[in-house]
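First up is the structure itself, then whatever we jot down about it.
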């Protein structure tokens, strides 16, 4: 049976060995300095506000992608839709998502995430309000299409919780992402 022995050396800063070979201590990298600063800040009100904002994004994404199925039985009677029209209404948010996903990441990286989050949430609010109060099939279809376009713009920024990883330590951001996905 083979035994393995690990030896740990510690180097004191300012210690000068008697030999000619000097061992210089490495300065911490910028990422290590940032991680140390984040550890010193701990978890606080800012992180709770950030998680609440991400929760709003998650709820908005669930409502946009799943609310059409709940509208269909009532909309079928009120708007006298046939099977093809119901299928188009159900597919319209996903068509908007497919068309805008090609450029959403590029635009948010180019012009900044805050701009797209603010206008994305505002636009989803307006188009969801428009869809909820629509009296014609065409208005409902158009509102659902634009909900899908705006959804993918906010999903690029919020749903992944990427900003949360920048403002927490590695250990904490990993545990939050695990609990978020559950």
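The values are calculated or read from the model by the stated rules, or taken from the named source; none is laboratory data. Bear in mind that the values here come from a model prediction, so they are computed numbers and not experimental data. Note that each Cβ is placed from the backbone with ideal geometry, even for glycine, and that neighbours are counted across all protein chains shown.
Tell me, yes or no, whether the range 115-133 has at least one residue that is within 21 Å of the chain's Cα centre (by Cα), more than 15 Å from residue 60 (Cα to Cα) and modelled with pLDDT under 85. The answer is yes; a qualifying residue exists. Of all residues in the range 54-89 being under 19 Å from the mean Cα position of the chain (by Cα) and surrounded by fewer than 16 Cβ atoms within 10 Å (Cβ to Cβ), which is modelled with the lowest pLDDT? Result: 58. Against the definition (touching a helix residue (DSSP H, G or I) at 6+ places or on another chain (Cβ under 6 Å) and either over 23 Å from residue 136 (Cβ atoms) or modelled with pLDDT of 85 or more (or both)), how does residue 45 come out, yes or no? When the stated conditions are applied, residue 45 does not pass them. Do any residues in the range 82-102 that are on the phi > 0 side of the Ramachandran plot have Cβ atoms under 8 Å from those of residues that are surrounded by fewer than 17 Cβ atoms within 10 Å (Cβ to Cβ), where the two are at least six apart or on different chains, and which pairs are they? So the pair list comes out empty.
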